[in-house]
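Reading through the structure tokens given below for one structure.
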Amino acid sequence: MNRPAHESESVHSGSSKSDSTSDTSSDTSSDQDTSRVMHYAGADCPYLITTTPIFLVFTMMAVTCLAFSVGVMSYVMLLIRMGVHPAYPMCGTNVAIPAANIQDKVGLPTPVILGGKEVPPTMSGQDKIGLQVRAIAAGREVPPTASNQDKIALPTPAIVVGKIVPPTTFTSKMFQHGGALTSRTVHLDRKCTADQMCSANYFHGGKDDADEVTHNKDEGLHLPSGQHLLVDIKNVDPDFLNSEEKLAKAMIEMINESKATLLSYHCHSLVPVGVSCMGVLLESHVAIHTWPKDGVVNMDLFTCGAGLLVPLLPTIKRLFGIPILNSPHEPLMKWSHKLRGFREDFSLVYNPYENPLEQELGTDILANHQLATKNVLLSGKTSLQHVDVYEWHDPSKHSHDLCDERSLSDYGHVSLHPEMFRLDKGLFLDGVRQSSLFGEAAYHEALVHPAMFAHPDPKRVAIIGGGEGATLREILKHKTVKQVVMVEIDGELVKICREHLPEWSDCRDIEGSDADSCFDDSRASVEFIDAFGWFIENFGKEDINEEKFDVIIMDALDPDRFVEIVGSLYKDNTFTNALYNGLSDDGVFVVQLGVSDRLNDPAADVGPGRDKANMMDALEHAGFKSMHIYDEGHSHFDSPWAYLACFKDYRSRASWYKAAPELDIAIHQRLHRTKSGRRTLLYFDAPAMIGYQMPSRAQENAHCRREDKPKECDEFSGMDPKFVNAPVSHLKVKKSAIGQYSGRGLFAAQDMSKNSILSMDGGVKSFHVLPSTLSTMKNLNERAEANNLDYVEDKLAVLFTFVEGYGTGHTMLGKMHYVVDSGIELFCNHSCIGTYNVGQPGRKCYTEMSVHLHHAEGDLIESAPIFSPITERHIRQFLSQDFFLRRMSKRRGKCFAATYWKD
């Protein structure tokens with residue numbers, strides 16, 4: 001406040017002077033005076049302070065104390081920031097002082113002890129060193145403890161040669177928790193590179209020149225994505241696992257090998273044993289924890305850099321898999337690698353289908369931490385694609401212990417079933433699984449043999465793709481084959497497969513082969529050119545000089561993959577027309593379709609599988625008369641695998657629908673034996689083929705979800721409750737009154753309504769005379785005629801009369817066959833006067849009055865749709881269809897007359 005003028009005063013040492021009216025300050029003194037007067041003018045009047053020597057002395061002492069207090073407080077704060085206990089400032093530490101600005105204003109949270117958890121009464125390394133210092137000062141002897149390890153000079157991380165590291169800041173906080181013997185932090189030496197000898201434990205780097213600091217363009221440091229590598233190793237030397245220095249050296253060497261940058265790391269020795277280290281990378285982090293007593297070390301490495309982490313695994317095993325001296329057990333490493341973060345959301349050009357790590361290689365193999373063994377046999381590129389070959393052991397699929405002593409005996413399980421105890425092995429192209437050792441036989445046998453046995457005599461076969469050689473191996477098992485032309489665009493891939501996957505192309509055990517490798521068989525011709533261009537050039541024009549093939553097998557380019565070439569391949573009919581033209585008149589084409597449909601999948605034409613739908617449409621437009629889809633679920637893929645067989649001749653359906661005994665005979669007659677006596681085929685047999693004849697329910701569902709829903713989806717959706725069953729008790733058999741030779745007929749025993757079903761339960765008990773059975777009957781009849789076996793002819797004549805007279809003829813199986821009812825329904829005659837009252841709703845009907853059978857046989861042939869999983873799935877039901885009453889109500893005593901019908 002301002003004091004009144006009459007209260008203003010100046011004080012001098014030894015004298016006083018009052019001047020109530022003075023409004024100025026006097027700053028003069030005489031030579032005789034030893035005092036100094038200072039005047040401070042206020043708004044109204046001055047304040048006067050008179051200083052003396054005593055006042056100056058006290059003032060200087062106060063300022064000195066204040067400065068000392070500030071210095072002590074700053075020193076204490078610095079010690080705390082460095083992790084040193086303030087009570088023992090004499091102790092040393094390995095904590096580094098960063099060159100960049102320390103964010104002192106950041107308040108880091110303090111961890112607390114969980115409720116109910118007991119922590120042993122231990123001290124931090126700094127506390128123990130302080131106690132030792134005071135004990136030495138008191139003249140007491142200090143026993144050696146783990147804290148004496150503070151004398152160890154931990155290695156200092158350095159910058160990778162040629163890499164520019166941006167400026168960083170460092171914030172840390174240390175806590176005194178039980179269980180830790182030592183605590184050290186070491187920082188990056190920015191003046192030292194990884195190829196130099198860097199021994200300093202402190203960071204002395206100066207400020208980086210901002211103009212020279214740039215981020216590495218190819219590292220992707222700031223993208224919200226990265227790679228995560230988890231590694232577990234057991235049977236490791238305990239001394240190595242309990243040494244901070246050895247672990248730190250191994251960690252730094254590992255980081256240098258990865259081309260990442262270790263900014264700092266922090267290690268704790270634990271009580272009673274064990275070490276935990278955490279490193280901060282420019283790219284992210286690395287963490288290591290050890291259990292010396294158990295010989296186990298766990299590692300967690302995450303990086304957002306561009307360098308791949310999987311190639312680092314041999315280095316990790318070399319650095320951290322230190323074997324135990326004189327132990328029979330070698331270090332065993334388990335690991336998993338995952339992609340983390342969001343790539344598509346932050347990059348307009350990123351395509352996950354072009355990244356091998358986003359495909360089955362990454363999801364099924366690299367990311368699977370449960371695989372007991374996982375080895376990289378090959379990872380590289382050909383001129384066309386990325387190729388990976390891995391081997392692994394999956395305990396979930398092969399639960400037998402590989403080291404079980406009982407199994408290893410002469411009569412143990414391993415000796416009896418050695419194939420079950422091998423490591424699985426697989427080929428991946430651009431990350432997509434092609435086949436595996438335990439599943440390739442099922443996959444390739446399902447691809448090859450259904451088509452081969454659907455042809456009566458396959459001599460010339462073509463393979464599109466098939467670089468592994470297994471498709472070629474399966475074809476060469478057929479005695480009828482004279483030549484196989486394999487057209488594979490990637491010759492480097494074939495070379496890799498011959499070296500790393502020799503089992504796939506092994507023909508040593510096939511009696512008909514003259515080479516150890518199927519690629520060298522005299523019947524095989526391997527062309528390393530573009531198969532699509534080759535077929536278009538040779539069969540895409542009217543003038544065809546190349547000899548046609550009996551069977552073409554396409555083992556390339558899954559049509560359900562989002563690959564540009566797949567989409568463009570079927571935009572027109574150029575390629576599919578070439579395939580059709582390249583086949584003989586009764587030729588068969590088969591292609592693998594990729595993952596089979598699931599129950600809730602949409603139809604291919606409205607879902608993500610449009611390329612598959614386009615391919616199937618193109619094949620149908622090319623002229624194929626019948627197409628069949630089937631699944632194989634033992635190929636060791638995540639889902640059952642789908643295949644499509646296409647017949648150029650509709651009559652090939654008869655071979656597709658062979659009965660199991662017929663197929664067993666064909667397999668026995670047409671396949672080569674093995675030199676070892678083992679079975680020629682591991683998975684394919686007659687029962688498997690019977691399963692392929694019936695598409696899955698998921699295929700049926702997807703087919704019926706098409707935008708243009710097929711009409712058969714409603715016909716075979718189950719029995720409509722609106723239809724009424726007319727049981728056998730409502731029917732009776734008696735002689736027809738139409739004519740002298742009309743025979744017996746089926747009559748109504750009581751009134752029945754329109755659209756009633758005649759004997760619903762009896763209709764399903766019919767028996768089928770298949771095309772092959774009719775063919776056998778005709779062959780027997782011809783042999784009987786040639787050998788004058790009249791009694792055989794007579795018996796066969798009776799059989800023919802019964803089948804043709806009482807059966808219903810069909811061509812749904814490719815050739816003429818008959819379905820004969822086993823009950824009184826077989827007496828349902830055809831009308832003799834052009835009338836009918838029994839038939840199928842919605843179908844075109846014929847009688848003997850409207851068409852002559854000998855001149856209109858083609859109109860009456862009832863052919864199956866070109867592609868209809870629902871028809872193929874319910875074909876037995878279709879052939880045993882119930883008869884519906886049509887036109888009018890049937891009164892008691894009325895005769896039933898059926899018709900011919902056609903869709």
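The values are calculated or read from the model by the stated rules, or taken from the named source; none is laboratory data. Just so you know, these numbers come straight off a predicted model, no measurement behind them. Please note: Cβ atoms are built from the backbone with ideal geometry, for glycine as well, and neighbour counts cover all protein chains shown. Protein only, heavy atoms only, side chains kept; ligands, DNA and RNA dropped before computing areas. Shrake-Rupley method; radii C 1.70, N 1.55, O 1.52, S 1.80 Å.
So for Tyr443, Tyr791, Tyr683, Tyr350, what's the accessible-area order with a 1.4 Å probe, most first?
Tyr791, Tyr683, Tyr350, Tyr443
Of the listed peptides 353-360, 624-631, what is their order by residue-averaged count of other C-beta atoms within 10 Å, with the highest listed first?
624-631, 353-360
Ignoring ligands, DNA and RNA, what accessible area per residue does the stretch 610-672 give at 1.4 Å, in Å²?
37 Å²
Could you tell me which of the pairs Lys482/Lys648; Lys477/Lys778; Lys374/Lys495 are separated by over 26 angstrom between their Cα atoms in the structure shown?
Result: Lys477/Lys778 exceed 26 Å.
Show me 792-799, 596-603 ranked by packing, highest mean number of other Cβ atoms within 10 Å first.
Highest to lowest by the protection proxy: 596-603, 792-799.
With all protein chains present and a 1.4 Å probe, how do Glu662, Glu330, Glu707 order by accessible area, largest first?
Solvent-accessible surface, decreasing: Glu707, Glu330, Glu662.
For the stretch 279-341, what class follows from the C-alpha gyration tensor (a ≥ b ≥ c being the square roots of its eigenvalues): rounded when a/c is under 1.5, otherwise prolate if a/b is larger than b/c, else oblate?
Prolate, because a/c is 1.5 or more and a/b exceeds b/c.
Under the classification rounded if a/c is under 1.5, otherwise prolate if a/b is larger than b/c and oblate if not, where does the stretch 626-667 fall, given a ≥ b ≥ c as square roots of the Cα gyration tensor eigenvalues?
oblate
Give a quick list of trypsin sites (Lys or Arg not before Pro) in the stretch 219-306 that DSSP marks as loop, anything other than H, G, I, E or B, with at most 15 other Cβ atoms within 10 Å.
Lys293
Starting from the residue with the highest accessible area, list Glu391, Glu499, Glu872, Glu715 in decreasing order, probe 1.4 Å.
Largest accessible area first, the residues go Glu499, Glu715, Glu391, Glu872.
Let a ≥ b ≥ c be the square roots of the eigenvalues of the Cα gyration tensor of the stretch 473-532; is it rounded (a/c under 1.5), or, if not, prolate (a/b larger than b/c) or oblate?
oblate
Order 516-523, 640-647 from most to least packed using the mean count of other Cβ atoms within 10 Å.
The most tightly packed comes first, giving 640-647, 516-523.
When you take every Cα atom in the stretch 259-299, what is the radius of gyration, and what is Dmax, the widest Cα pair distance, in Å?
Reported Rg and Dmax, both Å: 11.6, 35.
Ignoring everything but the protein chains, give the 1.4 Å probe accessible area of His668 in square angstrom, nearest 10.
Number for this one is 120 Å².
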